[in-house]
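Report on one structure; see the data block that follows.
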């Protein structure tokens with residue numbers, strides 16, 4: 001499939017150290033949907049940096065099997081291989097969006 005045949009509908013970026021993961025939902029001209037998962041990794045090269053990318057295409061008919069296998073694999077590591085490890089140390093706190101009333105009433109639009 002060529003790049004011009006794709007329409008991006010949703011994107012989520014996850015930064016983890018030197019790696020960034022992109023989860024992009026795309027559609028084809030035939031209105032079919034699929035997910036691309038891209039790992040972008042920064043590494044030193046010369047006086048600067050270069051980026052390596054690895055891309056995985058996940059089609060709608062494979063979503064459930066993929067999620068099941070991923071969950072099973074992660075659960076195996078957490079419960080069988082590293083049962084005492086504190087995985088919560090890697091969680092980042094979610095900051096809720098401020099409510100309108102938290103902005104203050106002294107703001108005026110002119």
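Where strands (runs of 3 or more DSSP E) sit wholly within the range 1-66, those with at least 1 residues that are within 17 Å of the chain's Cα centre (by Cα) and under 25 Å from residue 89 (Cβ atoms) occupy 7-16, 19-27, 33-45. Does any residue of the range 20-38 turn out to be free of Cβ contacts under 8 Å to residues at least 40 places away in the same chain and over 19 Å from residue 8 (Cβ atoms)? No: zero hits. Of all residues in the range 17-29, those that are surrounded by fewer than 12 Cβ atoms within 10 Å (Cβ to Cβ) and at pLDDT 90 or above total 0.
Residue pairs whose Cβ atoms lie under 8 Å apart, sitting 6 or more positions apart in sequence or on different chains, and linking a residue in the range 68-84 that is without any contact (Cβ under 8 Å) to a residue 12 or more places away in the chain to a partner that is surrounded by 10 or more Cβ atoms within 10 Å (Cβ to Cβ), are 78/85; 78/87. Answer yes if at least one residue in the range 75-89 is over 22 Å from residue 32 (Cβ atoms), surrounded by 10 or more Cβ atoms within 10 Å (Cβ to Cβ), at pLDDT 70 or above and in contact with a helix residue (DSSP H, G or I) (Cβ under 7 Å, 6 or more places away or on another chain), and no otherwise. Yes: one or more hits.
The values are calculated or read from the model by the stated rules, or taken from the named source; none is laboratory data. All of these numbers come straight from a predicted model, not from anything done at the bench. All Cβ positions, even for glycine, are placed from backbone atoms using ideal geometry, and neighbour counts span all protein chains on display.
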